[in-house]
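Nothing in this text is a laboratory measurement; each read-out follows from the coordinates by a stated rule. On a predicted model such as this, the values are computed, not experimentally measured, just so you know. Cβ placement follows ideal geometry from the backbone for every residue including glycine, while neighbour counts extend to all protein chains displayed.
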Amino acid sequence: ENYDCKTKIKITMNTLEVNFVAYKNLDGHSVQIDPQANILIVSGDNETGKTSFITAIQEAWQAKSITPSPITTGKTEGSVEYRLPDKNGNIVTIRQQILMPKEGQKIVKFYAIGADGKVETQPTKIRELMGEVFPITGEQFLALCGSEAGRRQIINEYIIPLMSDKERTELADIEAKI
């Protein structure tokens with residue numbers, strides 16, 4: 001089975017735009033992200049889609065559907081498409097296509113399209129390509145910031161894993177000189 005993805009992505013020099021089609025309460029919305037940012041802070045009023053947005057990114061990164069009802073009420077299909085850096089910093093397009101043909105039935109397919117144009121559809125291979133994702137809440141982050149050991153934990157568990165191999169090598173070289 002092949003499902004067409006209706007989501008569009010527009011890349012400009014300074015932003016990454018992700019468009020949602022019939023995904024929860026984000027239907028028809030776009031989100032712009034600075035592709036150079038290493039940390040993304042999402043804020044807004046209640047019921048505006050903050051958690052839906054974060055969950056959608058987590059689902060794409062992990063190639064795993066974790067939302068029981070991801071489709072906008074009244075719709076039967078939806079999609080989300082992103083351009084994200086893989087574990088080596090290469091841009092990968094992740095497409096999540098969702099069908100809910102009847103109540104209680106959900107079909108979710110993930111596709112990863114690498115910089116080389118190769119398409120991967122196996123979730124385990126997509127996870128391997130993307131590397132691990134480390135979600136952390138604001139409260140957890142602030143609690144860890146309160147001590148030297150906590151700050152070191154943030155660096156080791158959340159920041160360094162997001163770095164490319166080149167950045168890790170440069171950091172190791174700097175630390176060796178200290």
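I need the peptides 109-116, 92-99 ranked by packing, meaning the mean over residues of other C-beta atoms within 10 angstrom, with the highest value on top. Write out the running numbers ahead of the final one.
Working: 109-116: 15.9, 92-99: 21.2.
Highest-to-lowest ranking by the protection proxy: 92-99, 109-116.
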Taking the dipole of the range 42-178 about the Cα centre (Lys, Arg +1; Asp, Glu -1; charges at Cβ), the one of Q58, V119, M130 that reaches farthest to the positive side is V119
